[in-house]
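Here's the structure we're looking at; comments come further down.
The values are calculated or read from the model by the stated rules, or taken from the named source; none is laboratory data. Quick caveat, the model's predicted, so the values are computed rather than measured. Positions of Cβ are backbone-derived with ideal geometry, glycine not excepted, and every protein chain shown enters the neighbour counts. In case anyone asks, the SASA skips ligands and DNA or RNA and just uses the protein heavy atoms, side chains included. Shrake-Rupley method; radii C 1.70, N 1.55, O 1.52, S 1.80 Å.
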Amino acid sequence: MERRFLSLFLPNWPTDYFKRRDPDLKSPLALYEKIKGGLRLAAIDAEAAANSLRVGQSLADARALVPALTVKEIDRPLLEAGFGDFADWHSNTSPLVSVLTDANPFGDLLLDITGVPHLFDGERAMLDMAVNRLKHLGYAASGAIAPTIGGAWAASHFAPGRIISASGLANFMDALPIAALRLNADQVATLTQMGLTTISQVRHRPRRRLQAILEQSFLIRLDQAYGHIEERMTPRLPAIEHFVERRFFEPISVLDDVLGIAEDLAKNLCAKLETYGLGAQTFHLFLYRVDHKVMTLSLNAARLTRDASHIASLFRHRAEKLERENYDPGFGIDLVRLAASSLDKLNASQMGAFETENGAEDIDRLADRLGSRLGSGAILKIDFVQSYLPERATRLTPALTTEQSALADWPKQRRPMRLLPRPELVKINAEVPHGLPASMIWRHQAYRLIKGAGPERIGAEWWRSRKRLELVEPKETEKPEPGEKPKPPPYIPNLSLFDPSADMRDYYLVEDEDGHRYWVFRLGFYDNHIGANWYLHGFFP
């Protein structure tokens, strides 16, 4: 499908924005900032421009020319944040909205309207609607539609109101000035000195020479404008594939009403997903306020789902936190949209009469509920790592991630439920060289071992860099004072280290008389009747 882009240009955004925030500001209005030790104009409205004022002019000269000039210091962070919120509000027209910052951090909006214009009775009606509602809000605006981002931007700045087809793009771009390529000031000045004023004059020049003079960025902009190189936009809001929405004649503001609407939308969205045989892991709730701002609520599920009641309960849990922190409906909400992303096939399943659930789905639902209350980063799960060494075989990862484990098919070994943070030195009585352990002394306690299995040999990982595993050894027993009862020494870690890649480990599963099971290993081999070290690494249930 041919891509179509709608570009909206708001040339007087800074002054128009401050006028909406403060109705007491009168025209002509100019915003100033301190540049190189002096106060200079940073933005002006249309009336100030009509009075021969210009951006970059000193504030003193501007006041001398226009005594009735209203001045205010510019606040760039506020303008950028306000324009970002304003851009998000335009997602009620197209779900893919971006801010073009090539010429300015604010003032240029880009909407990917591919497949959207039929909802507005065509591209012309959609363009007129987008521009007219901005003018109705008090913003000077112009717009255009083209098959490339560069073409749409150029048309909105230099030929507003145009709708350009793919076949007419080249002829249209050829007639525009070189500034329509979104070049920096130095590149425009260089081309002007060369006597090149239109794009057609530049386009037919040798590319190697242009690259040497203007760098590669110039050729990239040229090819992007003509569609020879694809230019991707960066949407401000999460990209969505399926969504449902509801508009209101009268705005709503109570959170319970919003959640009730979200529950109804969840049923409609899940019915839509079921039609396509899909499930989703990520859901977004967009609340469009009447003051042209958007509140976004996003959450992840542990597995693919299209259960409407589960989705609604997750948003209800998340809303409890939102209500305590920063729920602000402003003057009301006139549009609620529920969207799904991270989609994949989810076939309907039916349990047999004699089948039983393994509880995995209940655990995932619990993780979803906890994540919606505490945040997705607070819920972790164990994921496998490509290693046979027990201390390296697993890691903690977010439970509510949409990424699938790359080691789902990694062979699972029998491992204890609990591993010690560091293997602890024990004394083992066993037949040489590979007999099963018969007794063990751990933390000054003796254990008689009646069962055992092994060994399971784990070799060195030669491809890894040398890393050390800390081992714990008990401190030597201190001699008691005369007449004093001997006491077991406190168990103090002794940070004796060994290189796990230097020796083999032989692991044994042993069980004592009371039914307790331990996971012990012998480090290295017996050599010339010299005993090897044994360590306790974990416990089986």
Would the stretch 138-151 turn up any residue that is in a strand (DSSP E or B), of a type in the set (S, T, N, Q), modelled with pLDDT under 95 and crowded, with 17+ Cβ neighbours inside 10 Å? yes
If the requirement is being assigned to a loop (DSSP other than H, G, I, E, B) and open to solvent by 50 Å² or more (accessible area, probe 1.4 Å), which of these qualifies: Arg209, Arg247, Arg205? Arg205
On the basis of being of a type in the set (A, V, I, L, M, F, W, C), out of contact with any Gly (no Cβ under 9 Å at 6 or more places or on another chain) and assigned to a loop (DSSP other than H, G, I, E, B), does Ile229 make the cut? yes
List pairs: first residue in the stretch 385-406 and part of a loop (DSSP other than H, G, I, E, B), second residue open to solvent by 100 Å² or more (accessible area, probe 1.4 Å) and modelled with pLDDT of 80 or more anywhere in the structure, Cβ distance under 7 angstrom, at least six positions apart or on different chains. Val385/Arg395
Complete set of residues in the stretch 412-430 that are part of a strand (DSSP E or B) and of a type in the set (D, E, K, R): Arg418, Arg422, Glu424, Lys427
Return the pair list, or none, for Cβ contacts closer than 7 Å from residues in the stretch 303-314 that are free of Cβ contacts under 8 Å to residues at least 60 places away in the same chain to residues that are of a type in the set (Gly, Ala, Ser) and assigned to a helix (DSSP H, G or I), at least 6 apart or on different chains. Ala308/Ala266; Ile311/Ala266; Ala312/Ala262; Ala312/Ala266; Leu314/Ser372
Find the residue count for the stretch 104-149, including only residues that are without any contact (Cβ under 8 Å) to a residue 12 or more places away in the chain and under 22 Å from Arg232 (Cα atoms). 1
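If you go through the stretch 30-50 one residue at a time, do you hit one that is touching a Pro at 6+ places or on another chain (Cβ under 7 Å), in contact (Cβ under 8 Å) with a residue 40 or more places away in the chain, surrounded by 18 or more Cβ atoms within 10 Å (Cβ to Cβ) and closer than 30 Å to Arg232 by Cα? Reasoning before the result, please.
Filtering the stretch 30-50 for residues touching a Pro at 6+ places or on another chain (Cβ under 7 Å) gives 31, 43, 45, 47-48.
From what's left, in contact (Cβ under 8 Å) with a residue 40 or more places away in the chain: 31.
Okay, now just the ones that are also surrounded by 18 or more Cβ atoms within 10 Å (Cβ to Cβ), so 31.
So of that shortlist, the ones also closer than 30 Å to Arg232 by Cα come out as none.
Looking for residues that are touching a Pro at 6+ places or on another chain (Cβ under 7 Å), in contact (Cβ under 8 Å) with a residue 40 or more places away in the chain, surrounded by 18 or more Cβ atoms within 10 Å (Cβ to Cβ) and closer than 30 Å to Arg232 by Cα, one finds none in the stretch 30-50, hence no.
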Leading residue by the ranking (farthest from Leu314 (Cα to Cα)) among those in the stretch 370-384 that are modelled with pLDDT under 75 and surrounded by 17 or more Cβ atoms within 10 Å (Cβ to Cβ): Ser376
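Could you identify the single residue in Ile113, Ile44 that is β-branched (Val, Ile, Thr) and farther than 20 Å from Lys19 by Cβ?
Residue meeting the stated conditions: Ile113.
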Collect the residues in the stretch 256-306 that are at negative phi and part of a loop (DSSP other than H, G, I, E, B), keeping them in residue-number order. Val290, Asp291, Lys293, Arg306
Looking at the stretch 82-93, is at least one residue open to solvent by 40 Å² or more (accessible area, probe 1.4 Å), of a type outside the set (Phe, Trp, Tyr) and out of contact with any Cys (no Cβ under 8 Å at 6 or more places or on another chain)? yes
Candidates Leu183, Leu196, Leu237, filtered to the one that is surrounded by 14 or more Cβ atoms within 10 Å (Cβ to Cβ), modelled with pLDDT under 90 and under 25 Å from Trp89 (Cα atoms): Leu237
Could you list all residues from the stretch 271-280 that are of a type outside the set (Gly, Ala, Ser) and open to solvent by 10 Å² or more (accessible area, probe 1.4 Å)? Lys272, Glu274, Thr275, Tyr276, Leu278
Working carefully through the options Val131, Val99, find the one that is among the aliphatic types (A, V, I, L, M) and within 26 Å of the chain's Cα centre (by Cα). Val99
Qualifying positions in the stretch 428-458 - of a type in the set (Asp, Glu) and under 15 Å from Tyr526 (Cα atoms): Glu431
Scan the stretch 1-29 residue by residue and report those that are hydrophobic (A, V, I, L, M, F, W, C) and exposed (fewer than 15 other Cβ atoms within 10 Å of the Cβ). Met1
